[in-house]
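Engineer: Mind having a look at this structure? Questions to follow.
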Amino acid sequence: MIGTGGARHASACAALIGILVTAACTQSTPPAPAAKAPAPGAQPAAAAATTQPPRPTVERIADGADQLTHGKYLVETIAGCGNCHTPHLADGSLDPDKKFAGAFVIEEPVFEAYARNITPDMETGIGSWTDDQIVNAIRNGQKRDGTFYGPPMSFGWYKRMTDTDVRAIVAYLRTVQPVHNEVPPSTYKIPLNGYGPMVTSVPDVPKTDIVKYGEYLAGPLGHCMDCHTTYVQGVIDMNQLGHGGNVYTKPFIYDWAAVSANVTPDPDAGLGKWSNDEIKTAITTGYSRNGRKLLPFMPYGLYSKAQESDLDAIVAYLRSIPPLGAAPAPAPAKD
């Protein structure tokens, strides 16, 4: 498992539930005037003409009250653990023979990070770990020897993952096929001192408040906002929640750069003119509202199997955050 702290991560680990990414850095326009945030769940008065393809019918993964069913649902949809912890094939799809067996994630000037093998293999995976050790690694980024994992896993968000959800995830991971796969150690040129106060227990987030639950899905569970919130000098700026503009260079096996999109309800730079269905279609199919194919950086295939109610909650939350104008142009890469 690899994580994110103060250092700006260059590739999202696990699921990146967001909307748009572009093929390269482009010049941004001046920020648009601030607009009044729409009421939670509200849609634009009139949707623009669109060529976005309809969402195909897919077999959704069932959620349920029992721990294993719930854990499978989280891992295989919203949490999207396999997006980083499963190697990618040449066409960008996940290798079914090495599911959760670990994969190269990203190389930066200050670190070379590898996603760990999270199958229950006793020698190279997490088979010999206790449940509490795995939970502590996910939420606090702490290894069994007391030291800490480093970027890019989103520990800053995972710290608020509820007891019910994190233990369901652990229970499900114990049932997947063990794969013997020795992953190289990650190396860092930055200090790894933890991610704030250690968390030992987090209560459930009620689903009755659709916006609050959407905030939980897009934050602690799915960490969409980790990639879609602007980083300034390597530190996430929560005043720019959902503003985007972060550059991800050559993620996974891909030979291009992506820029995280503005997912605030700004009508010009963000999602303010998108309908609810257009947003959900982009999340689950990888097509923008104008029909443009989005980069396969995010695991659209995993999100497509999520429950409609969870997608609705995410959209309601995105509509509730403050609208922000166009993000500043990304800083040019240094040689």
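Just so you know, all these numbers are worked out from the coordinates, no wet-lab data involved. Computed from a predicted structure; not experimentally measured. Cβ placement follows ideal geometry from the backbone for every residue including glycine, while neighbour counts extend to all protein chains displayed.
Engineer: Using every pair of alpha-carbon atoms in region 239-290, split the distances into 5 Å bins beginning at 0 and state the percent of pairs per bin, rounded to integers.
Structural biologist: 5, 17, 21, 25, 19, 10, 3
Engineer: Determine the gain in length on full extension of the stretch E107-R55; use 0.36 nm per residue of separation and subtract their C-alpha separation, reporting nm with one decimal.
Structural biologist: Working: separation 52, 0.36 × 52 = 18.72 nm, distance 3.46 nm.
In short, 15.3 nm is gained.
Engineer: Report, in listed order, any pair from K250/K293; K72/K273; K98/K207 with a Cα-Cα distance greater than 23 Å. Please list the in-between numbers first.
Structural biologist: On the way: K250/K293 18 Å; K72/K273 34 Å; K98/K207 34 Å.
From the list (K250/K293; K72/K273; K98/K207), the Cα-Cα distance tops 23 Å for K72/K273; K98/K207.
Engineer: Which value in nm describes the separation of the simple spin-label points at N239 and Q307, placed 7 Å from the Cα toward the beta carbon?
Structural biologist: 3.8 nm
Engineer: Let me ask something else. Can you list the equivalent-ellipsoid semi-axes of region 185-335, largest first and in whole Å, using the square root of 5 times each Cα gyration tensor eigenvalue? Mind dumping the intermediate values first?
Structural biologist: Numbers: eigenvalues 121, 97, 55 Å².
Result for region 185-335: semi-axes of 25, 22, 17 Å.
Engineer: Over region 198-335, what is the relative contact order in whole percent, taking alpha-carbon pairs under 8 Å and six or more residues apart? Write out the running numbers ahead of the final one.
Structural biologist: Numbers: 208 pairs, mean separation 35.7, N = 138.
Worked out over region 198-335, it gives 26 percent.
Engineer: So, one more: Is region 280-331 best put as rounded, prolate or oblate by its Cα gyration tensor, with a ≥ b ≥ c the root eigenvalues, rounded for a/c under 1.5, and otherwise prolate when a/b is larger than b/c, oblate when not? Show your work: numbers first, answer last.
Structural biologist: Numbers: a/c = 2.16, a/b = 1.21, b/c = 1.78.
Here region 280-331 falls in the oblate category.
Engineer: Still on this structure: Would you mind giving the average projected area, over all directions, of the Cα convex hull of region 48-207 in nm² with one decimal?
Structural biologist: On the way: hull surface 51.0 nm².
For region 48-207, averaging the hull's shadow over all directions gives 12.8 nm².
Engineer: Using 5 Å bins from zero, what percent of all Cα-Cα pairs in region 156-251 falls into each bin?
Structural biologist: 2, 10, 14, 17, 19, 19, 12, 5, 1
Engineer: Another question about this same structure. Could you tell me the ratio Rg/Rh of region 122-164? Both radii from Cα atoms, Rh via Kirkwood.
Structural biologist: Details: Rg = 10.7 Å, Rh = 11.0 Å.
Expressed as Rg/Rh, it is 0.97.
Engineer: Calculated FRET efficiency, S201 and D255, Cβ-Cβ r, R0 51 Å, to nearest 0.05? Provide the component values of the computation, followed by the final result.
Structural biologist: Numbers: r = 43 Å, r/R0 = 0.85.
The value I calculate is 0.70.
Engineer: Still on this structure, I have one more. Give, in nm to one decimal, the length gained when the segment between A65 and D97 is fully stretched (0.36 nm per residue of separation minus the Cα-Cα distance).
Structural biologist: Numbers: separation 32, 0.36 × 32 = 11.52 nm, distance 2.91 nm.
Stretched out fully, the A65 to D97 stretch lengthens by 8.6 nm.
Engineer: Still on this model: Can you list residues from other chains, or at least 5 along the same chain, whose modelled amide H is less than 5 Å from the amide H of I106?
Structural biologist: Correct list: A113.
Engineer: What does the extension gain come out to for D163 and D132, with contour length at 0.36 nm per residue minus their alpha carbon separation? If you can, show how the numbers build up before the last one.
Structural biologist: Details: separation 31, 0.36 × 31 = 11.16 nm, distance 1.08 nm.
Gain on extension, D163 to D132, equals 10.1 nm.
Engineer: Hey, what do the phi angles of region 90-97 turn into as Karplus ³J(HN,Hα) couplings, whole Hz, using 6.51/-1.76/1.60 and θ = phi - 60°, x for Gly and Pro?
Structural biologist: 4, 8, x, 6, 7, 6, x, 7
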